[in-house]
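**Q** Starting off with a structure, shown below.
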Amino acid sequence: MPAKTLQDWKNTAATLAIEGRCFIDGDYRAAMDGRTFDKISPVEGRHLAAIARADAADVELAVAAARRAFDSGSWSRLAPVQRKRTLLRFAELIEAHAEELALLETLDMGKPIANALAADLPGTVNAMRWTAEAIDKVYGEVAATADDQLGLVTREAVGVVGIIVPWNFPLLMASWKFAPALAAGNSVVLKPSERSPLTAIRIAALASEAGIPDGVFNVLGGYGHEAGQALALHNDVDAIAFTGSTRIAKQLMIAAGQSNLKRVWTEAGGKSPNIVCADAPDLLQAAGSAAAAIAYNQGQVCTAGSRLLVQRSIKEEFLEHLRSALAGWAPGHPLDPVTRYGAMVDRQHVEQVRGFIQGAEEEGARLILGGEEGLAGESGCYLAPALFDGVHNGMRIAREEIFGAVLSVIDFDTPEEAVAIANDSPYGLAAALWTSDLSRAHRMARALRAGSVWVNQYSGGDMTAPFGGYKQSGNGRDRSLHAFDKYTELKATWIRL
Ligand code: NAD
């Protein structure tokens, strides 16, 4: 079959039936009070769906269903191998609906359809398969006890898990959490962002079709804090797994303290440094990678390489390479298969990012490229990547997470100075460094206070290693076997022999 064109995708989008209701206890249903909110696409400003505006009453219903399902054992007490089979079927159904889900993702939040098809959907399916495959291969422990004792160390599902996710990789971020939560035997109430609820709502039906029992996988659309806050304050929710901003992460921890001290696992913001030493193996490649590190997904990436630290002796040469690399990230129509830089999530976010650009100029940083708004002939939310030179680490654009393609170039003289600047941040999600000196690479990687460190690349990694942050970038880890820690309690059972 020939590859789809922009027009093909537009035609499919025009005929797409989009579900906006909550999914509770195995059925789609309107919010209890019947309220909805409008989901408008940032792509062409089109009205996509009326989304059920779930609030505390709907949370009550979903949590009760999740608890009933958990207590019934219909899922929680299945043999791991049985849960594995069902999750693999769920992954297969998502794969079979990959084009529809990718299209929903693009219409919902503006990412290029090419990225949704090549990264978000395969990433989601892979996360689910990897996790499902793992669950019947993790064992408990036998403690090193005295001869008259048997000490068993086992992991048990925590119970009802509330999952609250952001809009930048809607399905992928959700899958990193619901896959291990479900695999471990928990019931889930998933709350997608009001800016991108469509795929989460859609896959609820696929979960049911795959054989996940009623009440085990619930999805609540909701506006702003309404449903999320009610979940975080609920006394019958055992854990919250959150990906989103540091500001909301802090509120969730307070809510846990105000209610039942539920476990709160947070994957929060970032302001990641990308350090290019003069002895980087390939400056051209490093520049291309630095451009992608800030421009991918329109800069709306938690690990965006937003602070580019360049050794002074190579700075002019590096900036030349960087300018040409960034020229390849001009905005395009997200449904055009050749586009690699799409629309921002909505108008409000465009304004917020533009505010940072303006503020940076007022603070004395030098805009050397980009930052223009709009795309010829289109009414959506477009903003070209912006490159700033003359930034110092105390400026607002170097300290705050912008969540848009705004790149700050900061000079340094020695690798020690670079590490000090890199670590001088409230965040600690990721860091990258480029050098040909093996010992320097190891020394710097050790010294960087970040959950992921990449050497001579940006954004490496897959399901085999944990992903999460130091400092105010959060406390939990997604991916790998470590992800199970968040969704299980550790039990010690002592048997006197
Ligand atoms: P956000 O914090 O505004 O919202 C995240 C989720 O929380 C949404 O579903 C939102 O509806 C919900 N929410 C809002 N207020 C709430 C409240 N008071 N109580 C409970 N829930 C509430 O973040 P966002 O704008 O959706 O996403 C961008 C942020 O996500 C950035 O900071 C980014 O760095 C972060 N992020 C982090 C990672 C990571 O793995 N560390 C990955 C992706 C995104």
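The values are calculated or read from the model by the stated rules, or taken from the named source; none is laboratory data. Only a predicted model underlies this, so the values are computations on that prediction, with no experimental measurement involved. Please note: Cβ atoms are built from the backbone with ideal geometry, for glycine as well, and neighbour counts cover all protein chains shown. Please note that ligands, DNA and RNA were not included when accessible areas were found on the heavy atoms of the full protein model with its side chains. Shrake-Rupley method; radii C 1.70, N 1.55, O 1.52, S 1.80 Å.
**Q** Name every residue in the range 381-429 that is small (G, A, S), assigned to a loop (DSSP other than H, G, I, E, B) and open to solvent by 10 Å² or more (accessible area, probe 1.4 Å), in order of residue number.
**A** Hits for the range 381-429 are A384, G390, G394, S425.
**Q** Among the numbered criteria (1) of a type in the set (A, V, I, L, M); (2) crowded, with 17+ Cβ neighbours inside 10 Å; (3) within 16 Å of the chain's Cα centre (by Cα), which one does A465 miss?
**A** (2)
**Q** Here are G460, G476: which of them is assigned to a loop (DSSP other than H, G, I, E, B) and free of Cβ contacts under 8 Å to residues at least 60 places away in the same chain?
**A** The match here is G460.
**Q** Keeping to the range 1-46, report how many residues are of a type in the set (A, V, I, L, M, F, W, C) and either over 28 Å from G211 (Cβ atoms) or over 28 Å from the mean Cα position of the chain (by Cα) (or both). If you could, list the steps in order and put the result at the bottom.
**A** So in the range 1-46, the residues of a type in the set (A, V, I, L, M, F, W, C) come out as 1, 3, 6, 9, 13-14, 16-18, 22-24, 30-32, 37, 40, 43.
Adding the requirement that they be either over 28 Å from G211 (Cβ atoms) or over 28 Å from the mean Cα position of the chain (by Cα) (or both) leaves 1, 3, 6, 9, 13-14, 32, 37, 40, 43.
Matching residues across the range 1-46 total 10.
**Q** Oh, and also: Out of (1) out of contact with any Lys or Arg (no Cβ under 6 Å at 6 or more places or on another chain); (2) in contact (Cβ under 8 Å) with a residue 40 or more places away in the chain, the odd one out for G377 is which?
**A** Failing condition for G377: (2).
**Q** While we're looking at this one, here's another question. For the range 142-151, does any single residue satisfy the condition of being within 16 Å of the ligand (Cβ to nearest atom) and assigned to a strand (DSSP E or B)?
**A** No.
**Q** Go through (1) at pLDDT 95 or above; (2) within 16 Å of the ligand (Cβ to nearest atom); (3) open to solvent by 50 Å² or more (accessible area, probe 1.4 Å); (4) part of a loop (DSSP other than H, G, I, E, B) one by one and return the number of the condition A450 breaks.
**A** (3)
**Q** Find all pairs meeting these conditions: Cβ atoms under 8 angstrom apart; at least six residues apart or on different chains; first residue within the range 296-319 and touching a residue at least 24 places away in the same chain (Cβ under 8 Å) and under 13 Å from S408 (Cβ atoms); second residue open to solvent by less than 20 Å² (accessible area, probe 1.4 Å) and among the aromatic types (F, W, Y).
**A** Between residues of the range 296-319 that are touching a residue at least 24 places away in the same chain (Cβ under 8 Å) and under 13 Å from S408 (Cβ atoms) and residues that are open to solvent by less than 20 Å² (accessible area, probe 1.4 Å) and among the aromatic types (F, W, Y), the close pairs are L309/F412; V310/F318; V310/F412.
**Q** Here's a follow-up. Can you tell me which residue within the range 74-100, out of those that are open to solvent by 10 Å² or more (accessible area, probe 1.4 Å) and either in a loop (DSSP other than H, G, I, E, B) or modelled with pLDDT under 95 (or both), is nearest to A157 (Cα to Cα)?
**A** S76
**Q** State which residue is least open to solvent (accessible area, probe 1.4 Å) when the search covers only the range 253-275 and only residues that are without any contact (Cβ under 8 Å) to a residue 24 or more places away in the chain and more than 24 Å from A174 (Cβ to Cβ).
**A** Here is the first cut: in the range 253-275, the residues without any contact (Cβ under 8 Å) to a residue 24 or more places away in the chain are 253-254, 257, 261.
Of the ones still in play, those that are also more than 24 Å from A174 (Cβ to Cβ) are 257, 261.
Values: G257: 55, L261: 122 Å².
So, considering only residues that are without any contact (Cβ under 8 Å) to a residue 24 or more places away in the chain and more than 24 Å from A174 (Cβ to Cβ), the one least open to solvent (accessible area, probe 1.4 Å) is G257.
A quick yes/no check of all residues on (1) among the polar types (S, T, N, Q); (2) within 24 Å of the chain's Cα centre (by Cα); (3) open to solvent by less than 80 Å² (accessible area, probe 1.4 Å):
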| site | (1), (2), (3) |
| --- | --- |
| L309 | no, no, yes |
| E317 | no, no, no |
| W329 | no, yes, yes |
| H333 | no, yes, yes |
| T339 | yes, yes, yes |
| V345 | no, yes, yes |
| H349 | no, yes, yes |
| Q352 | yes, yes, no |
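**Q** Only one of these conditions is not met by I248: (1) near the ligand (Cβ under 9 Å from one of its atoms); (2) surrounded by 24 or more Cβ atoms within 10 Å (Cβ to Cβ). Which number is it?
**A** So I248 meets the others, but not (2).
**Q** Now for a separate question. Search the range 234-248 for residues that are more than 18 Å from T303 (Cα to Cα) and pair each with any residue that is part of a loop (DSSP other than H, G, I, E, B) and open to solvent by 40 Å² or more (accessible area, probe 1.4 Å) when their beta-carbon atoms are under 9 Å apart and the residues are at least 6 apart or on different chains.
**A** Every condition considered, the pairs that remain are H234/N260; N235/N260; D236/N260; V237/N260; D238/N260.
**Q** For the list (1) in the same structural domain as L387 (by TED's automatic domain parsing); (2) open to solvent by 10 Å² or more (accessible area, probe 1.4 Å); (3) polar (S, T, N, Q), I need the number of the one condition that N297 fails.
**A** (2)
**Q** Let me confirm something: among L103, L121, L117, which residue is in a helix (DSSP H, G or I), in the same structural domain as A62 (by TED's automatic domain parsing) and under 20 Å from E194 (Cβ atoms)?
**A** Of the residues listed, the single one that is in a helix (DSSP H, G or I), in the same structural domain as A62 (by TED's automatic domain parsing) and under 20 Å from E194 (Cβ atoms) is L103.
**Q** Quick one: which helices (runs of 4 or more DSSP H) lie wholly within the range 267-363 and hold at least 2 residues that are within 16 Å of the ligand (Cβ to nearest atom)?
**A** Numbers: elements: 283-295, 315-327, 347-363.
Because the criterion is at least 2 residues that are within 16 Å of the ligand (Cβ to nearest atom), the helices (runs of 4 or more DSSP H) in the range 267-363 that meet it are 283-295, 347-363.
**Q** As an exercise: evaluate K111 against (1) in a helix (DSSP H, G or I); (2) surrounded by 24 or more Cβ atoms within 10 Å (Cβ to Cβ); (3) touching a Gly at 6+ places or on another chain (Cβ under 9 Å) and give the number of the one condition it does not meet.
**A** (1)
**Q** If I filter the range 198-242 down to residues being more than 10 Å from the ligand (Cβ to nearest atom) and part of a strand (DSSP E or B), which single residue comes out as surrounded by the fewest Cβ atoms within 10 Å (Cβ to Cβ)?
**A** A239
**Q** Confirm whether T435 is open to solvent by less than 30 Å² (accessible area, probe 1.4 Å), in the same structural domain as T124 (by TED's automatic domain parsing) and not charged (D, E, K, R). Walk me through it before giving the result.
**A** On the way: open to solvent by less than 30 Å² (accessible area, probe 1.4 Å): yes; in the same structural domain as T124 (by TED's automatic domain parsing): no; not charged (D, E, K, R): yes.
In short, no.
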